[in-house]
Structure formats: C-alpha cells, structure tokens
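Everything on this sheet refers to the single structure shown next.
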Amino acid sequence: QVQLIESGGGLVQAGGSLRLSCAASGRTFSWYVMGWFRQGPGKEREFVSAISERGLRTYYGDSVKGRFTISRDNARNTVYLQMNTLKPEDTAVYYCAASSGVVAPKGTDEYRYWGQGTQVTVSS
C-alpha cells in the first residue's frame with residue numbers, strides 16, 4: 001500500500017508560478033513511476049506529467065510542455081511539479097499518482113495509487 005499526500009496548491013494570478021509536492025509513504029518509493037493528473041470543472045481527468053522510477057525519463061501533456069517541470073527526490077520520497085507561466089485554463093484539482101510496472105505513463109488506468117488532490121486556481 002502507498003499513501004500519497006499532495007501539497008502546494010493555491011490561488012495565483014495568470015503568469016505566476018506554483019510548486020506542487022507529493023509525499024509518499026508505504027512501499028519503496030523508487031519502485032514507482034510517479035504521475036501528475038488534473039481535473040478541471042466539468043472536465044475529465046487529464047494527464048499532466050510523469051517521471052520514471054529513477055527520474056531518467058519524463059513525460060508531459062501537450063498543454064503543459066515548456067511550462068511545467070516534474071522532478072523527484074527518492075531520498076525524500078517526494079515528487080514535485082514546478083508550474084510556471086500559469087494560465088486560467090490550468091485551474092483544476094491536481095492529483096498525484098503512483099504505480100509499478102507502468103507501460104504507458106500517460107494513461108490514467110496505469111496508476112494504482114492516488115492522492116486526494118490539491119486545488120490550483122489561476123485568476124486572469
């Protein structure tokens with residue numbers, strides 16, 4: 001079992017930045033691919049970013065490429081999402097997810113463990 005707790009969400013003006021954190025407990029953190037997803041009002045859950053077990057490979061959704069950066073610190077059991085140049089359309093609840101044996105890191109169904117989410121609101 002893996003427990004995931006997100007933090008760092010909040011209200012920010014367009015063009016601003018936020019850094020989300022996701023702290024994991026339970027099984028060995030370095031076993032897991034870590035992902036970030038988001039769900040805006042009235043929208044389906046959307047892939048944002050993912051990072052491989054040792055951080056050697058990263059993946060990004062088209063809408064956040066060049067603005068968001070994912071990283072992980074396996075010594076601290078934490079994954080981060082640095083979000084720059086935020087836009088109102090980035091407003092959503094952001095979820096951290098984890099799983100082992102991930103084949104397609106962008107797929108929602110690939111992830112077994114999910115956090116409760118943290119709200120990000122970008123004002124125009």
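Remarks
- Apportionment of accessible area to carbon and sulfur, segment 22-124, percent (1.4 Å): 45
- Residues in segment 16-31 reached by a label modelled at residue 121 [backbone nitrogen below 20 Å; 7 Å Cα→Cβ]: 16-21
- Eligible lysines near residue 106 by straight Cα distance, threshold 19 Å, same-chain separation 8 or greater: 43, 65
- For the chain, the dipole from Cβ point charges (+1 on Lys and Arg, -1 on Asp and Glu) about the Cα centre works out to 240 debye, to the nearest 20.
- Packing-based ranking of 68-81, 109-122 yields 68-81, 109-122, ordered from highest to lowest mean Cβ neighbour count within 10 Å.
- Point-to-point label distance, residue 58-residue 7, nm (Cα→Cβ direction, 7 Å offset): 2.2
- Take every pair of alpha-carbon atoms less than 8 Å apart whose residues are at least six positions apart; their mean separation over the length of segment 55-100 yields a relative contact order of 27 percent.
- Over segment 27-124, Cα pairs under 8 Å with separation of 6+ residues give a relative contact order of 30 percent.
- What the chain shows is 52 Å² of accessible area per residue, with the surface traced by a 1.4 Å probe over protein heavy atoms.
The values are calculated or read from the model by the stated rules, or taken from the named source; none is laboratory data. Because the structure is a prediction, the values reported are computed rather than measured. Virtual Cβ from ideal backbone geometry, glycine too; neighbours counted across all protein chains shown. Only protein heavy atoms, including side chains, enter the accessible area calculation; ligands, DNA and RNA are left aside. Shrake-Rupley method; radii C 1.70, N 1.55, O 1.52, S 1.80 Å.
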